[in-house]
Structures are given as C-alpha cells and as structure tokens.
Amino acid sequence: MKKLLLELLICPVCLPGEVRLMETINEISGEDIVDGELRCPECGNRYRIQNGIADLDPNPSSAAMLSGNKYETAPVVSSYLWSHYGDLFNDENASDAYRQWADLMQPHDGLALDAGSAVGRFTFEMAQKSNFAVGIDSSRTFVRTARELMLRREMTVALKQEGNITTDVKLSLPPEWDSDKVEFIVGDALAMPFRADSAGSFSSLNLIDKVPRPMAHLTEMNRVTRSVGAQFLLSDPFSWSEEAAPEEDWLGGRTSGPCAGKGLDNIMAMLNKEGCRLPPAWDISAHGQVWWKIRTHANHFEQIRSCYVKATR
C-alpha cells in the first residue's frame, strides 16, 4: 500500500465518526508499505497490510466466507480480466465499455475512488484523469490480481476455450498508464475507509444491484466526495435480486413503495435538486447506456446493458 494513503484512511468500523488510523510499518519498499498494520485508537480494530495489500474490510467474518465466494475463483477472475482488458488483447469480441465510461469523466485534481473495482481497469483509466486513483473491492483475489498487474505491468491470462482447454494470452498495460498513481485495497463499498470530502470523483460500475444495502452505498459515495468540484458515475444493469438485498431495499424494480419504477430514474431523482436525498444536490450531466460484455469461454459470452448516470456538483 502506498504511504500517501495513510493521511486519507479512517476506521470503517467507527463510521459515521472519522477516526484516523495509526500505522505500524514492518517492511517498506520505496513508497510502498509491504507489511504492517493499521490500528484504530478508538475501537481497537486492527487492519493488516500483507504483501502490500491493505485489508480494510470492517467485517472480519467475511474472510471465512471466501471459499464460497465465486469472485475468489480462478475462472471468474479470468472472465473479469477479459471483460476489463479484452480490447487490449485486440480480441474482436471484446467490449469497449470501459473506454466509453472513461470518456464520460473529466480530468480533475485530487483523488479518484473506484468502488467495486474488481480487476482494476477503470481505476487505471481514472489515474490518467486525476492525481491518484484507488480501487476498492471486497474480493481479495480481485485486489491481489489488480495489484499484481499494477506492479508487474503485465501478466499471462489463461482464457477458457472449452471445458478444461485454455489458451494463454499476454496482457500488457499501455505505457501511459502510470502505476505510481494507482492503488488497490480490500474494503466495503458500504463503509468506505476514506475521509469525508476526500474524492474529486467516485465511480460505481455494475455494483449497486450487488450490495446488501444499495442506499448505504450511495450515502457513502456522497460522504467521501467533495461538496464542490466532484464527479459521480454510476452504471448498472439493475438486476435486482433478493439474493443480494431484500426487496424493500431495492432502489428500483418495484411496483409500489418509495422506490417504485426503474432504478436509474430513481437514482437520478435522488441526486438532482428537486428530489435530492444526497445533498448538496448534483447536476445530471449525462445518462444513457453502455453495452458491457463478459466471457465464460470461447463459445459463451454474456452481453449486459448497463445504464449510467453521470453527475457533477
């Protein structure tokens, strides 16, 4: 974990209070903390930094669930690497969704936060448009993969062809993507370990229908972004499911109640001046759709319409 994050990080367990974490550094390489610990002086929680990865997940029991989490498996990691970077392989089947999303964002000073960063493509994109970009994800395997790519700048990806047959492809980052401006940490999108007003931009791509409390995710986005001079990009297929969240907590896809109707419409209403639930109010600068694609094997692709809203204030 890069040292410069130390001044930005707070204890996610103590939210809504903001308690700066105290560091113990056991091993450091240049500006990277390789091994150490972050401790909250208020609640006493300790967060490990191992192999350069800071684990700021406020739910310690989640580590015990890794064996049952599909996002920790090699086939899913391979699928996400193709989804994020397939255009860099020059794969004719790849989507350019991440480039389209990146084109919606304006350059800005300060910090860019990418919630649900998975294997890191949009975090790298935002590092080109900000002073520093941080991807945060609850999957330790996703974060480890993204950080390996950050450090080594290339990796070999085993893409499934059929059954147990795979083909290796080489992934290399473009030279203009600066690894010194990127970091990835383990954390929870519902309890972001960052100070209020710390981010100039916040992205949430294909995430809000996967979290157990979608409104809490938006509230955290609003807390950590600046009250003036901020950008927010949310894009999602709004595949609401009770496996992720109870229906009463969905922000759309309901026939009655406060969030009846479509998720994108409801979120835009929460952001803008008329129905603002996320003050200070945001201006909607663009909304639309991006076709995102994920690959299971050579003969199986899933194409997803992800509906986006870009907002500024």
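The values are calculated or read from the model by the stated rules, or taken from the named source; none is laboratory data. As the structure is a prediction and not an experimental result, all values here were calculated from the model. Heads up, the Cβs are rebuilt from the backbone with ideal geometry, glycines too, and the neighbour counts pull from every protein chain shown.
So the values come out like this:
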quantity	calculated
The one condition in (1) hydrophobic (A, V, I, L, M, F, W, C); (2) touching a residue at least 60 places away in the same chain (Cβ under 8 Å); (3) not in a strand (DSSP E or B) that Trp177 fails to fulfil	(2)
Tally of residues being of a type outside the set (Phe, Trp, Tyr), outside any loop (DSSP other than H, G, I, E, B) and in contact with a Lys or Arg (Cβ under 6 Å, 6 or more places away or on another chain) across the stretch 184-199	1
Segments classed as strands (runs of 3 or more DSSP E), wholly inside the stretch 111-173, with at least 2 members that are surrounded by fewer than 20 Cβ atoms within 10 Å (Cβ to Cβ)	154-162, 165-172
Total residues in the stretch 37-52, condition closer than 26 Å to Met150 by Cα and crowded, with 18+ Cβ neighbours inside 10 Å	4
Residue in the stretch 132-139 that is at pLDDT 95 or above, among the aromatic types (Phe, Trp, Tyr), touching a helix residue (DSSP H, G or I) at 6+ places or on another chain (Cβ under 7 Å) and within 22 Å of Trp292 (Cα to Cα) present	no
Listing of strands (runs of 3 or more DSSP E) fully contained in the stretch 200-313 that carry 1 or more residues being among the aromatic types (Phe, Trp, Tyr) and either closer than 29 Å to Glu18 by Cα or at pLDDT below 95 (or both)	231-236
Among (1) surrounded by 15 or more Cβ atoms within 10 Å (Cβ to Cβ); (2) in contact (Cβ under 8 Å) with a residue 12 or more places away in the chain; (3) not in a strand (DSSP E or B) - the single one Val76 does not satisfy	(2)
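Residues checked against (1) β-branched (Val, Ile, Thr); (2) modelled with pLDDT of 95 or more; (3) exposed (fewer than 13 other Cβ atoms within 10 Å of the Cβ):
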residue: Asp57; (1), (2), (3): no, yes, no
residue: Met65; (1), (2), (3): no, no, yes
residue: Leu88; (1), (2), (3): no, no, no
residue: Asp91; (1), (2), (3): no, no, no
residue: Ser95; (1), (2), (3): no, no, no
